[in-house]
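Working notes for the structure below.
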């Protein structure tokens with residue numbers, strides 16, 4: 001079974017690489033054309049090229065995610081862990097996506113207390129933050145998103161999480177529609193999306209959360225979600241359900257979602 005899994009992963013990686021190879025120069029050329037390197041463009045040309053470039057970037061990102069997932073499944077994902085400040089990585093990720101948040105009228109902030117440095121792969125942890133923030137941005141239309149980091153030992157009594165050691169606890173919270181409890185396990189499975197039906201309106205591969213889970217677990221941490229899902233409201237506001245993107249059967253109110261994960265202060269990283 002392990003040999004079959006490796007063969008499958010190697011095949012996916014090879015095919016993904018072959019698909020990605022021509023995309024890289026295509027994207028570079030499109031960016032040069034958009035930048036006026038080959039002459040000026042009229043409004044219609046710019047609009048058409050923007051659409052082509054946007055979808056080229058999406059396809060490139062999808063192939064990268066497939067390669068990452070295949071490597072994880074085969075236990076071939078490599079990590080370079082060095083001591084650093086995880087809050088700094090969170091702020092860097094937030095700064096990249098803050099313009100998108102502003103376009104939607106959302107706040108995006110990072111709150112962190114005094115944290116000790118810990119060993120982690122900075123590039124991979126940056127990917128975790130981007131995936132979680134990107135997911136929150138898709139499903140949040142009002143309010144905003146907050147990343148909160150604290151030392152688990154500083155969590156007040158009554159709010160502590162059983163079985164947690166002296167780890168760094170990260171919360172990525174949004175004010176979106178929420179996720180019903182029966183879907184909590186499903187969202188971490190590859191290619192699973194709660195709106196993956198005929199009424200689907202959100203772009204995405206359904207791989208971001210699965211990859212985030214794999215990276216966190218490879219660092220020896222845990223990742224999970226807390227949300228009650230949309231609830232009935234009495235304020236007359238009608239909200240679209242994020243489960244099937246069809247109008248909700250009743251008047252619903254957003255309750256928000258919080259993704260939590262831990263990073264051990266003592267490295268317990270495993271390969272793959």
>> over 17 Å from the mean Cα position of the chain (by Cα) and within 13 Å of residue 173 (Cα to Cα): which single residue out of 105, 143 fits that description?
In response: 143
> So which residues in region 149-188 are exposed (fewer than 15 other Cβ atoms within 10 Å of the Cβ), modelled with pLDDT of 75 or more and either touching a helix residue (DSSP H, G or I) at 6+ places or on another chain (Cβ under 8 Å) or assigned to a helix (DSSP H, G or I) (or both), if there are any at all?
Replying inline: 153, 166, 181, 182, 186
> When you go through 87, 74, 70 one by one, which is the residue that is under 26 Å from residue 147 (Cα atoms), crowded, with 16+ Cβ neighbours inside 10 Å and touching a residue at least 60 places away in the same chain (Cβ under 8 Å)?
Replying inline: 87
> Residue check, residue 140 against (1) part of a helix (DSSP H, G or I); (2) assigned by TED's automatic domain parsing to the domain that holds residue 225; (3) surrounded by 13 or more Cβ atoms within 10 Å (Cβ to Cβ), all met but one. Which one?
Replying inline: (1)
>> Restricting to region 230-249, give me the number of residues that are at pLDDT 50 or above and either out of contact with any strand residue (DSSP E or B) (no Cβ under 9 Å at 6 or more places or on another chain) or more than 19 Å from residue 180 (Cα to Cα) (or both).
In response: 1
> Got a number for residues in region 250-262 being modelled with pLDDT under 95 and in contact with a helix residue (DSSP H, G or I) (Cβ under 6 Å, 6 or more places away or on another chain)?
Replying inline: 0
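The values are calculated or read from the model by the stated rules, or taken from the named source; none is laboratory data. A quick note: this is a predicted structure, and the numbers were derived from the prediction, not measured. Cβ atoms come from the backbone with ideal geometry, glycine included; neighbour counts cover every protein chain shown.
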